[in-house]
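For reference, the structure is listed below as structure tokens.
The values are calculated or read from the model by the stated rules, or taken from the named source; none is laboratory data. Small disclaimer: the values here were computed from a predicted structure and weren't measured. Cβ placement follows ideal geometry from the backbone for every residue including glycine, while neighbour counts extend to all protein chains displayed. For accessibility, only protein heavy atoms count, side chains too; no ligands or nucleic acids. Shrake-Rupley method; radii C 1.70, N 1.55, O 1.52, S 1.80 Å.
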Amino acid sequence: MLGEGGAHCAPPANWRALEDELGVRLPDDYKEIVGKYAPVQLNVHLYLHHPSTDRWNLRDWMTETIQAFSRSDLQDLERRGFPSASFGAPSGLIPLLDTDRGENLFGLADAGTGAWRLFSCDGNEALYYEYAMSFSEWMYRYLVGEDMFGPGSGVFYAGPIVFESMPMSETEPLTSWEGPERGM
């Protein structure tokens, strides 16, 4: 659905450094997608940051997002069985991506098994929605227009996925391109 990856492939050492700092191993499918395509904006809304770039840096964005959300009300998650819900690794919600509509996707690694759970919020930080699936399945469903940030959040664009580059300097122009035809 996304086609060939871009030129900003993340060396394994950059992922290890980020994971060491977080204290948790990120999902392999997340690292593969981010490593191939980020930094990029997909279909007008969804941002993917990258661990190997100075601008649009994944580590910096994660840190800023954790700080911004650390004052959020997590009673919704606590009522649903997450009594020690917090932000930041290794045992809290880790930001994975965001949109220009104020939506965020977080991952939470199970301390015992290392399995990941995905939670999104639609800009209303008090409500979180859990998606019991892999990151790549979540991404696929988002790109085909399903409600992946809560009820009524789906956005469908027919045709190929539209990519917009995230400029690496003040003078680099924004470029866009399309993925392969999806038949949608």
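Contact list please: Cβ distance under 6 Å, first residue in the range 29-42 and within 17 Å of A115 (Cβ to Cβ), second residue open to solvent by 20 Å² or more (accessible area, probe 1.4 Å) and part of a loop (DSSP other than H, G, I, E, B), pairs at least six apart or on different chains.
Sorted first by the residue in the range 29-42, then by its partner, the pairs are D29/S134.
Taking the range 11-21 as the search range and keeping residues that are within 16 Å of the chain's Cα centre (by Cα) and closer than 14 Å to N57 by Cβ, which one is most open to solvent (accessible area, probe 1.4 Å)?
Of everything passing the filter in the range 11-21, W15 is most open to solvent (accessible area, probe 1.4 Å).
Kindly indicate whether Y157 is without any contact (Cβ under 8 Å) to a residue 60 or more places away in the chain, open to solvent by 50 Å² or more (accessible area, probe 1.4 Å) and among the aromatic types (F, W, Y).
On the way: without any contact (Cβ under 8 Å) to a residue 60 or more places away in the chain: no; open to solvent by 50 Å² or more (accessible area, probe 1.4 Å): yes; among the aromatic types (F, W, Y): yes.
Against the criterion (without any contact (Cβ under 8 Å) to a residue 60 or more places away in the chain, open to solvent by 50 Å² or more (accessible area, probe 1.4 Å) and among the aromatic types (F, W, Y)), Y157 does not qualify.
Search the range 44-59 for residues being open to solvent by 10 Å² or more (accessible area, probe 1.4 Å) and more than 25 Å from R16 (Cβ to Cβ), and hand back the single one that is farthest from the chain's Cα centre (by Cα).
Of everything passing the filter in the range 44-59, V44 is farthest from the chain's Cα centre (by Cα).
Against the condition among the charged types (D, E, K, R) and assigned to a loop (DSSP other than H, G, I, E, B), how does D98 come out, does it pass? Before the answer, list the steps.
On the way: among the charged types (D, E, K, R): yes; assigned to a loop (DSSP other than H, G, I, E, B): no.
The answer is no for D98.
From the residues in the range 66-95 that are farther than 22 Å from Y140 by Cα, of a type outside the set (S, T, N, Q) and not in a loop (DSSP other than H, G, I, E, B), which one is most open to solvent (accessible area, probe 1.4 Å)?
Here is the first cut: in the range 66-95, the residues farther than 22 Å from Y140 by Cα are 66-92.
Still in the running and of a type outside the set (S, T, N, Q): 66, 68-69, 71, 73-74, 76-83, 85, 87-90, 92.
Applying the additional criterion that residues be not in a loop (DSSP other than H, G, I, E, B) yields 66, 68-69, 76-79, 87.
Numbers: I66: 35, A68: 54, F69: 16, D76: 20, L77: 3, E78: 82, R79: 169, F87: 30 Å².
Taking the candidates together, the pick is R79.
Out of all the residues in the range 80-131, which are under 21 Å from D60 (Cβ atoms), of a type in the set (S, T, Y) and under 13 Å from the mean Cα position of the chain (by Cα)?
Passing the criteria: only T99.
Name, by its number, the condition in (1) in contact (Cβ under 8 Å) with a residue 60 or more places away in the chain; (2) open to solvent by less than 40 Å² (accessible area, probe 1.4 Å) that does not hold for M62.
Checking M62 against (1) in contact (Cβ under 8 Å) with a residue 60 or more places away in the chain; (2) open to solvent by less than 40 Å² (accessible area, probe 1.4 Å), the one that fails is (1).
To keep it simple, each residue is scored yes or no on (1) of a type outside the set (A, V, I, L, M, F, W, C); (2) at pLDDT 90 or above.
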residue	(1), (2)
Q67	yes, no
L74	no, no
I94	no, yes
R101	yes, yes
T113	yes, no
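Just to be sure before I move on: is S169 in contact with a helix residue (DSSP H, G or I) (Cβ under 7 Å, 6 or more places away or on another chain), open to solvent by 20 Å² or more (accessible area, probe 1.4 Å) and either at negative phi or in a helix (DSSP H, G or I) (or both) in the structure I sent?
Details: in contact with a helix residue (DSSP H, G or I) (Cβ under 7 Å, 6 or more places away or on another chain): no; open to solvent by 20 Å² or more (accessible area, probe 1.4 Å): yes; either at negative phi or in a helix (DSSP H, G or I) (or both): yes.
The answer is no for S169.
Please specify each residue of the range 123-154 satisfying the condition of being touching a Pro at 6+ places or on another chain (Cβ under 6 Å) and of a type in the set (S, T, Y). Reasoning before the result, please.
Just the residues of the range 123-154 that are touching a Pro at 6+ places or on another chain (Cβ under 6 Å), to begin with: 135.
Answer for the range 123-154, where residues must be touching a Pro at 6+ places or on another chain (Cβ under 6 Å) and of a type in the set (S, T, Y): there is none.
Filter the range 1-22 down to residues that are touching a Ser or Thr at 6+ places or on another chain (Cβ under 9 Å) and assigned to a loop (DSSP other than H, G, I, E, B) and give me whichever is modelled with the lowest pLDDT.
That would be H8.
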